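Written below as structure tokens is the structure these notes are about.
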Amino acid sequence: MIGMRRYLSGMAAAASLLALTACSATYQNHGYIPPEEDLQQLVVGVDTRATVDDVIGPPTTAGVLDSGDYYYVRTRKREYGMFRPEIVERQVLAISFDDGDTIANIERFGLEDGKVVPLTRRVTDSSVVDDGFFRQILRNVGNIDPGQIFD
């Protein structure tokens, strides 16, 4: 009987530990912001787009036009148990260029500067309705043509 109590208390402790660790926060990091040491090598008004590509690398996001600005974005999300993921940090580094492709400005933005900038992709919703198996069967009951059965 004492062995059974120890076994059950051990199982309860293991289940409690498992439940406790399942509710711990997990973090996801997306994107890249160059370190400050690399940004110090760039001189506004002197360096060009090619220099930026060599020193810190091309960004994953650029302006709409071919001569667009460079945007480096890093996002950190926290997921905690069953709750919706929350963005806890977002940094945007914007490097703008003038007409001669030299650096005009280097700016940093973060969540503390204002609202969360939603970075989303435009996705076209399909018009296909996800019908279940029984709904498909019942929908086709009236579409049976006896002439096709006996041909």
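For the list (1) in contact with a Lys or Arg (Cβ under 7 Å, 6 or more places away or on another chain); (2) surrounded by 13 or more Cβ atoms within 10 Å (Cβ to Cβ); (3) not basic (Lys, Arg), I need the number of the one condition that Glu79 fails.
Result: Glu79 passes all but (1).
Considering (1) modelled with pLDDT under 85; (2) exposed (fewer than 12 other Cβ atoms within 10 Å of the Cβ), say which one Gly63 fails and leave the rest.
(2)
Any chance you could count how many residues in the stretch 81-98 are under 16 Å from the mean Cα position of the chain (by Cα) and farther than 13 Å from His30 by Cβ?
2
Taking Val46 as meeting all but one of (1) in contact (Cβ under 8 Å) with a residue 24 or more places away in the chain; (2) assigned to a strand (DSSP E or B), write down the number of the exception.
Of the numbered conditions (1) in contact (Cβ under 8 Å) with a residue 24 or more places away in the chain; (2) assigned to a strand (DSSP E or B), the odd one out for Val46 is (2).
The rows are residues; the columns are (1) surrounded by 14 or more Cβ atoms within 10 Å (Cβ to Cβ); (2) at pLDDT below 85; (3) not in a helix (DSSP H, G or I).
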{"position": "Phe83", "(1), (2), (3)": "no, yes, yes"}
{"position": "Ile87", "(1), (2), (3)": "yes, no, yes"}
{"position": "Glu107", "(1), (2), (3)": "no, no, yes"}
{"position": "Leu119", "(1), (2), (3)": "yes, yes, yes"}
{"position": "Asp125", "(1), (2), (3)": "no, yes, yes"}
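Pairs, please: C-beta under 9 Å, at least 6 apart or cross-chain, first residue surrounded by 10 or more Cβ atoms within 10 Å (Cβ to Cβ) and in the stretch 15-37, second modelled with pLDDT of 90 or more and in a helix (DSSP H, G or I)?
Every condition considered, the pairs that remain are Pro34/Val55.
State yes or no: is Thr21 at pLDDT 90 or above, in a helix (DSSP H, G or I) and not aromatic (Phe, Trp, Tyr)?
So Thr21 fails the test.
The values are calculated or read from the model by the stated rules, or taken from the named source; none is laboratory data. This one's a predicted model, so the numbers in the text were calculated from it and none came from an experiment. Every residue, glycine among them, receives a Cβ derived from its backbone with ideal geometry; neighbour counts consider all protein chains shown.
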